[in-house]
Amino acid sequence: MKEKRRYLKIKVEGVEGGEEQARKAVNSALFEYLGQSGFSKAKPQAIKFVPPYLILRCRNDQLDEVVAALSLKRFHEGKSVALRTEKVSGTIAALTGKGARRTKCQGENLARLSPGA
């Protein structure tokens, strides 16, 4: 059976050094809170980094633990950091805002075009 996954949009604050340091901070937070077994169950994977946001994928059933682990991280390599979960979604497109969305006006126009309306 296929695993259900969720995508998290995480705002990484206080981490200098770009993508590699942001990934290290997130992995460190997850490993410290979840431990080795919980980390492997959550199957976290950093998908995309657009400063200051990191898109992280994890298993749906471990979502609460992942969000909690990120919020508990306060220091990374001696510096104060904040890992804030901005948004959670089932698709990357919904997080990045690149998906097609139907507005009310578009729906009304489609209703006028359909036969029998």
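Computed values, structure above
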{"quantity": "Pair list, Cβ < 7 Å and 6+ apart or interchain, from region 23-49 residues that are farther than 14 Å from Leu63 by Cβ to residues that are basic (Lys, Arg) and assigned to a helix (DSSP H, G or I)", "calculated": "Ala46/Arg23"}
{"quantity": "Count of region 72-89 residues which are under 12 Å from Gly14 (Cα atoms), in a strand (DSSP E or B) and touching a residue at least 40 places away in the same chain (Cβ under 8 Å)", "calculated": "6"}
{"quantity": "Qualifying residue in region 38-60 (condition: in contact with a helix residue (DSSP H, G or I) (Cβ under 7 Å, 6 or more places away or on another chain), of a type in the set (A, V, I, L, M, F, W, C), at pLDDT 95 or above and assigned to a helix (DSSP H, G or I))", "calculated": "yes"}
{"quantity": "Search result, residues across region 63-78 that are in contact with a helix residue (DSSP H, G or I) (Cβ under 9 Å, 6 or more places away or on another chain) and acidic (Asp, Glu)", "calculated": "Glu65, Glu77"}
{"quantity": "Qualifying positions in region 1-37 - among the aliphatic types (A, V, I, L, M) and in contact with a helix residue (DSSP H, G or I) (Cβ under 8 Å, 6 or more places away or on another chain)", "calculated": "Leu8, Ile10, Val12, Val15, Val26, Ala29, Leu30, Leu34"}
{"quantity": "Flag for Tyr7 being within 22 Å of Asp61 (Cβ to Cβ), at pLDDT 95 or above and part of a strand (DSSP E or B)", "calculated": "yes"}
{"quantity": "Region 46-63, subset within 9 Å of the chain's Cα centre (by Cα) and closer than 11 Å to Val26 by Cβ, residue surrounded by the most Cβ atoms within 10 Å (Cβ to Cβ)", "calculated": "Leu56"}
{"quantity": "Residue in region 64-94 that is modelled with the highest pLDDT, counting only those that are of a type in the set (Ser, Thr, Tyr) and surrounded by fewer than 13 Cβ atoms within 10 Å (Cβ to Cβ)", "calculated": "Ser80"}
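Residue-wise test of (1) of a type outside the set (A, V, I, L, M); (2) touching a Leu at 6+ places or on another chain (Cβ under 9 Å).
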{"residue": "Glu20", "(1), (2)": "yes, no"}
{"residue": "Asn27", "(1), (2)": "yes, no"}
{"residue": "Ser37", "(1), (2)": "yes, no"}
{"residue": "Pro44", "(1), (2)": "yes, yes"}
{"residue": "Leu54", "(1), (2)": "no, yes"}
{"residue": "Asp64", "(1), (2)": "yes, no"}
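The values are calculated or read from the model by the stated rules, or taken from the named source; none is laboratory data. Because the structure is a prediction, the values reported are computed rather than measured. For neighbour counting, all protein chains shown are included, and Cβ atoms are generated from backbone atoms with ideal geometry for every residue, glycine included.
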